[in-house]
Amino acid sequence: MSLSNDQILVLENLVMKAIKTVYDPEIPVDIYELGMIYEIEVDPEAVAHIIMTLTSPNCPVADSIPREVGERIEAIEGIVKADVVLTFDPPWDKSMMSEEAQLELGYL
């Protein structure tokens with residue numbers, strides 16, 4: 001299978017929407033708006049590559065959030081596999097949040 005650029009863009013948009021359904025259990029904002037997703041890329045073989053972080057390396061849900069991201073992405077029709085990589089470089093900080101998230105949490 002080799003996807004066209006248009007098909008890749010559609011799938012990347014669906015991946016982003018799926019990620020927006022995942023929330024950090026301690027913060028009432030989705031992880032995309034929190035700035036925890038560093039990269040979303042779907043390759044021509046329909047594998048979604050995600051580079052993400054957590055708000056803290058000591059996060060109590062360090063295992064469950066990346067697993068949930070992978071499960072939501074693999075549920076998308078047309079995605080063969082989700083490759084979710086967790087990184088702490090650069091470390092997450094509040095400036096990575098979207099304006100929407102900052103407003104929701106009272107930082108603006």
Rounded to the nearest 10 degrees, what's the angle between the helix 64-74 long axis and the longest principal axis of the chain, both from Cα atoms, 0 to 90? 30 degrees
Helix-only [θ] at 222 nm, the chain, -39500 (n - 2.57) per DSSP H run of 4+, per residue, nearest 500, equals -9000 deg cm²/dmol
Could you tell me what percent of the DSSP beta bridges with both partners in region 37-108 are antiparallel, to the nearest 5? 45 percent
Taking Cα atoms, the helix 5-19 axis meets the longest principal axis of the chain at an angle in degrees (rounded to 10) of 30 degrees
Pick from 35, 70, 78: which residue has the top mean-square fluctuation in a GNM of the chain where Cα pairs under 10 Å get a spring? 78
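Please state the shape class of the chain: rounded when a/c is under 1.5, otherwise prolate if a/b exceeds b/c and oblate if not, all from the C-alpha gyration tensor. Before the final figure, lay out the partial values.
Values: a/c = 2.14, a/b = 1.73, b/c = 1.24.
Prolate.
How much length, in nm to one decimal, is gained on full extension between residue 13 and residue 93, taken as 0.36 nm per residue of separation minus their Cα-Cα distance? Don't jump to the answer; show the numbers that get you there.
Values: separation 80, 0.36 × 80 = 28.80 nm, distance 2.46 nm.
That pair, residue 13 and residue 93, stretches by 26.3 nm at full extension.
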Vicinal HN-Hα couplings computed from phi for region 81-92 (Karplus, 6.51 cos²θ - 1.76 cosθ + 1.60; Hz; Gly/Pro x): 7, 10, 10, 9, 10, 9, 9, 10, 10, x, x, 5
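Throughout, read-outs are computed from the coordinates displayed, never taken from laboratory work. Just so it is clear, the model here is predicted, and its values are computed rather than measured.
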